[in-house]
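Here the structure comes first, spelled out in structure tokens, and everything after it is commentary.
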Amino acid sequence: MKKREPLKIITAGDDEPAEEHNAVIMEIPVPAEPDDDNEQDDAAKSYILPIMPLRNSVMFPGVVIPISITREKSLKLVRDVFQKEKLIGTVTQIDDSIDDPQTKDLYRIGTVAQILKVLEMPDGNTSVIIQGKQRFMINRYAGRRPYFKAEISLLPEIACDDNNQEFQATIASMKDMAIKITQFINFPPDAAFAVRNIDNSTFLINFICSHYGLSVQEKQKLLETTSMAERASQLLAILVREVQMLELKRDIQSKAKIEIDQQQREYFLNQQMKTIQNELGGNPVDMEIANLKKEAEKKKWSKETAEYFEKEISKLSRLNPAAGEYSIQYGYCQTLLELPWGECTEDNFDLKHASEILDAEHFGLEKVKERILEHLAVLKLKKDMKAPILCLYGPPGVGKTSLGKSIANALGRKYFRMSLGGLHDEAEIRGHRKTYIGAMPGRIILGLKKVKSSNPVFVLDEIDKVSSDFHGDPASALLEVLDPEQNAEFHDNYLDIDYDLSHVLFIATANTLNSIAAPLRDRLELIEVGGYIPEEKVEIAHRHLIPQQLEKHGLQPGTLSFDDDAINTVINDYTRESGVRELDQNIAKIIRRIARKIAANETYKSTITVGDVKDYLGTAKYFREDYQGNEFCGVVTGLAWTAQGGEILFIESSLSAGKGELSLTGNLGEVMKESAKLALEYLKSHAEQLSIAPDFMEKHNLHIHVPEGAIPKDGPSAGITMATSLASTLTHRKVRENLAMTGEITLRGKVLPVGGIKEKILAAKRAGIKEIILSEQNRKDVEEIKDVYLTGLTFRYVKDVAEVLEYALL
């Protein structure tokens, strides 16, 4: 039987595990190749062996390990056996925390071991070196005192053919994995050498099972595996798992080391930089903080705000300048300092001066000017008065936005305009929390920061076009801003501290009030800014538009002039608006043509006349909607309001043979269709008084049409116009000449008031209308309009439809 040379390795094992300094270099005798016949004979026999429980260790055949003896039972067993046959049975404890294990606490399968040497250690402990011989199974325990004795049966192992390629591959892979583990863990250098040079596959498997960091449960499971091929396969799977885990640990440790190294590098560089900076005259970070504190001493803020700032500066000084939070905190402290806490510009209380500025920069708009002068007068008497929240509403181009700048000039205040058109994020008003990346204050606070004053004129432009979505409702956020009782403690999310907005003069502008939320509208002082009559537009063009355009185009004052007829032609044929924005654009177009001629040294006329307008602007874009006469029954002139101002519209009706159907055309909205139905029902119920045949709807169809079908039309103000048109058609009576009307009707025939009276009156004047029928309740609206707008018009006020028909129908 062939013997193999012993190998020198460092081994360790434990009853309780031996300390590292107790590990010894041992010569491991490699067992001879097993004899199958002998194994079968041995397995059939039973033996009585003393049993030594092992803690945290499993003994494998052929392997030599040292164990430290701490239990009295084990110490007596070693001394008794070492003097005789030197063979013992080793079994592993199921639970290693038990100091005095009983038979139920031990595995049944263990390994017969031979005591090679007993060592008395310098610390008084005893260590023994044992070598595994063969596996066994406990049949029964034969004694318990002074140590366990058991009847055992030897267990044979099923060897595998070393020529089997699969087994050879498993052994080779197992060697590679074991060597990798020795590279990851501080194994003795001889361990890898031993693994490479062990030729006996059975011993190699047992050696790796014993020494390569497997758990006790895994070792026991491998020991209980009879087939060496199966044991090798299970061991390889465990080794692969361990290698993967060790590689993962190495990668994590490597990354952590790189991060720590980088932090250490930055720390040392920062320390060196501080030293250099101190030598050059001071640390710039400390200087920055000192400058912030110096600036804070000049601020006129309250005691609470000063304490809050000190707290934030203290937080800043504790931060590492290289950290990302430092720049965020520094920016926040800087924002607090840049705000004009308690800093207000001095108001100019000269009422005459303010009135002159308002008159010079804006023509008309008496109501607005009066309200500003009233505010200035009260402010002069009571210095700490809260500013009003004004809302100027009216058609585009009438000067609502530019009026805010004129008010700022009149009061001697700073001016800021904030456009709200399309605004849909609440954070635009209240700001973002400063913890977010890229956080900033809301646009209210940013505006004050820009103008460096706490009492500017703040124009909230297009407040009727604020929208809302999943980001929040900006209109609701504006409630706090525009409430004089609340805005003294306005809370911006970024500042996280209250700011006083009570001295800010907020002026909102809107084209219509319908789209403004009711709670927000309730906080506004509404002032209507109506359109201009042609005479006013001519005056505005001479005073403001032409001089401004000459300056914008680099022409000297007096270089070019327009006569009144030319301006009237532009107004009537090239614009259709209540304001003057389109008029301004057309004047700019004419002046550009003149500027081109001047630049090219060409001759030009210094006064623009009616004939020149067509040359410069081309053919007329609009045709004035003149009154069309009363030649036909069923045609009535109505008055409508649009966002561009007032318009006249014609309502036509016709009667045809049919079965009583009512047709409505002209792109009408639901409210307008309901007005037509109400008018028809009124006529049905009053057919006898109007001399209409009671059964007229049984034999005829009625059709109502409003021209310009491409334009959507809606609203209740055409109620009396539709009733008059239907009555005219059914009675074959014409409508009075040069007459227009507007008013809502009820099912009982009552005439209700409507809005937009001034714009509608202007539209009637442009069309050449002489008489207008209105609800009695609209009389107050007409009385508020200046006489210059009413010249040439006669008004008839009515309470019900009967009065309308009595006067309108001939």
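The values are calculated or read from the model by the stated rules, or taken from the named source; none is laboratory data. Bear in mind the structure is a predicted one, so any value in this text is a computation, not a measurement. Note that each Cβ is placed from the backbone with ideal geometry, even for glycine, and that neighbours are counted across all protein chains shown. With ligands, DNA and RNA removed, areas are computed over all heavy atoms of the protein, side chains included. Shrake-Rupley method; radii C 1.70, N 1.55, O 1.52, S 1.80 Å.
Couple of notes before you dig in:
- Picking from residues in the stretch 208-235 that are out of contact with any strand residue (DSSP E or B) (no Cβ under 8 Å at 6 or more places or on another chain) and hydroxyl-bearing (Ser, Thr, Tyr), the one that is surrounded by the fewest Cβ atoms within 10 Å (Cβ to Cβ) is 215.
- Residue 797 being at negative phi and modelled with pLDDT under 90: no
- Which listed residue is out of contact with any strand residue (DSSP E or B) (no Cβ under 9 Å at 6 or more places or on another chain) and either touching a residue at least 12 places away in the same chain (Cβ under 8 Å) or surrounded by fewer than 16 Cβ atoms within 10 Å (Cβ to Cβ) (or both), from 465, 452: 452
- Qualifying positions in the stretch 138-151 - surrounded by fewer than 18 Cβ atoms within 10 Å (Cβ to Cβ) and in a strand (DSSP E or B): 139, 140, 141, 142, 143, 149, 151
- From the list 603, 619, the one residue that fits, being without any contact (Cβ under 8 Å) to a residue 24 or more places away in the chain, under 30 Å from residue 706 (Cβ atoms), open to solvent by 40 Å² or more (accessible area, probe 1.4 Å) and of a type outside the set (Gly, Ala, Ser), is 619.
- Scanning the stretch 315-336 for residues that are farther than 22 Å from residue 431 by Cα and either of a type in the set (Phe, Trp, Tyr) or open to solvent by less than 50 Å² (accessible area, probe 1.4 Å) (or both) yields one hit, 323.
- So residue 591, is it of a type in the set (Val, Ile, Thr) and touching a His at 6+ places or on another chain (Cβ under 8 Å): yes
Residues checked against (1) assigned to a helix (DSSP H, G or I); (2) out of contact with any strand residue (DSSP E or B) (no Cβ under 8 Å at 6 or more places or on another chain); (3) open to solvent by 50 Å² or more (accessible area, probe 1.4 Å); (4) within 14 Å of residue 748 (Cα to Cα):
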position: 652; (1), (2), (3), (4): no, no, yes, no
position: 656; (1), (2), (3), (4): no, no, yes, no
position: 664; (1), (2), (3), (4): no, no, no, no
position: 671; (1), (2), (3), (4): yes, yes, yes, no
position: 678; (1), (2), (3), (4): yes, no, yes, yes
position: 684; (1), (2), (3), (4): yes, yes, yes, yes
position: 691; (1), (2), (3), (4): no, yes, yes, no
position: 697; (1), (2), (3), (4): yes, yes, no, no
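- Residue among 288, 325, 304, 310 that alone is over 19 Å from residue 452 (Cα atoms), in contact with an Asp or Glu (Cβ under 9 Å, 6 or more places away or on another chain) and assigned to a helix (DSSP H, G or I): 304
- At least 2 residues being of a type in the set (Gly, Ala, Ser) and within 22 Å of residue 113 (Cα to Cα) is the threshold, and among the helices (runs of 4 or more DSSP H) wholly inside the stretch 185-242 those reaching it are 201-211.
Listed here are the residues, each with its yes/no results for (1) in contact with a Gly (Cβ under 6 Å, 6 or more places away or on another chain); (2) of a type in the set (Gly, Ala, Ser).
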site: 415; (1), (2): no, no
site: 430; (1), (2): yes, no
site: 452; (1), (2): no, no
site: 477; (1), (2): no, yes
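- Helices (runs of 4 or more DSSP H) contained in the stretch 714-810 and holding at least 1 residues crowded, with 23+ Cβ neighbours inside 10 Å: 719-731, 757-767, 801-808
- Residue 507 open to solvent by less than 60 Å² (accessible area, probe 1.4 Å), in contact (Cβ under 8 Å) with a residue 24 or more places away in the chain and more than 24 Å from residue 303 (Cα to Cα): yes
- The set of residues from the stretch 364-391 being touching a strand residue (DSSP E or B) at 6+ places or on another chain (Cβ under 7 Å) and either without any contact (Cβ under 8 Å) to a residue 24 or more places away in the chain or surrounded by fewer than 16 Cβ atoms within 10 Å (Cβ to Cβ) (or both) comprises just one member, 367.
- Some residue of the stretch 581-590 being touching a helix residue (DSSP H, G or I) at 6+ places or on another chain (Cβ under 9 Å), open to solvent by less than 30 Å² (accessible area, probe 1.4 Å), β-branched (Val, Ile, Thr) and over 14 Å from residue 614 (Cα atoms): no
- Any chance residue 419 is in contact with an Asp or Glu (Cβ under 9 Å, 6 or more places away or on another chain) and surrounded by 16 or more Cβ atoms within 10 Å (Cβ to Cβ): no
- Residue within the stretch 770-781 that is of a type in the set (A, V, I, L, M, F, W, C) and modelled with pLDDT under 90 present: no
- Matching residues in the stretch 497-539 - criterion: being under 21 Å from residue 487 (Cβ atoms) and of a type in the set (Lys, Arg): 521, 523
- Scanning the stretch 330-372 for residues that are part of a loop (DSSP other than H, G, I, E, B) and among the hydrophobic types (A, V, I, L, M, F, W, C) yields 339, 341, 344, 349, 363, 365.
- Subset of the stretch 152-182 [outside any helix (DSSP H, G or I) and either among the small types (Gly, Ala, Ser) or surrounded by 14 or more Cβ atoms within 10 Å (Cβ to Cβ) (or both)]: 152, 153, 154, 155, 156, 157, 159, 160
- Members of the stretch 420-447 that are in a helix (DSSP H, G or I), within 13 Å of the chain's Cα centre (by Cα) and hydrophobic (A, V, I, L, M, F, W, C): 427
- Residues in the stretch 393-407 include at least one that is part of a helix (DSSP H, G or I), touching a residue at least 24 places away in the same chain (Cβ under 8 Å), in contact with a helix residue (DSSP H, G or I) (Cβ under 6 Å, 6 or more places away or on another chain) and of a type in the set (Gly, Ala, Ser).
- Filter result (part of a loop (DSSP other than H, G, I, E, B) and either open to solvent by 50 Å² or more (accessible area, probe 1.4 Å) or in contact with a Leu (Cβ under 6 Å, 6 or more places away or on another chain) (or both)) within the stretch 639-650: 644
- Residue pairs whose Cβ atoms lie under 9 Å apart, separated by 6 or more positions or on different chains, with the first residue in the stretch 192-206 and closer than 20 Å to residue 160 by Cβ and the second hydroxyl-bearing (Ser, Thr, Tyr) and assigned to a helix (DSSP H, G or I), are 195/182.
- When residue 70 is tested against (1) polar (S, T, N, Q); (2) at pLDDT 90 or above; (3) exposed (fewer than 15 other Cβ atoms within 10 Å of the Cβ), just one condition goes unmet, and that condition is (2).
- Where a residue in the stretch 214-242 is closer than 15 Å to residue 204 by Cβ and among the charged types (D, E, K, R) and its partner, wherever it lies, is open to solvent by less than 50 Å² (accessible area, probe 1.4 Å) and not in a helix (DSSP H, G or I), with Cβ under 7 Å and at least six apart: 231/225
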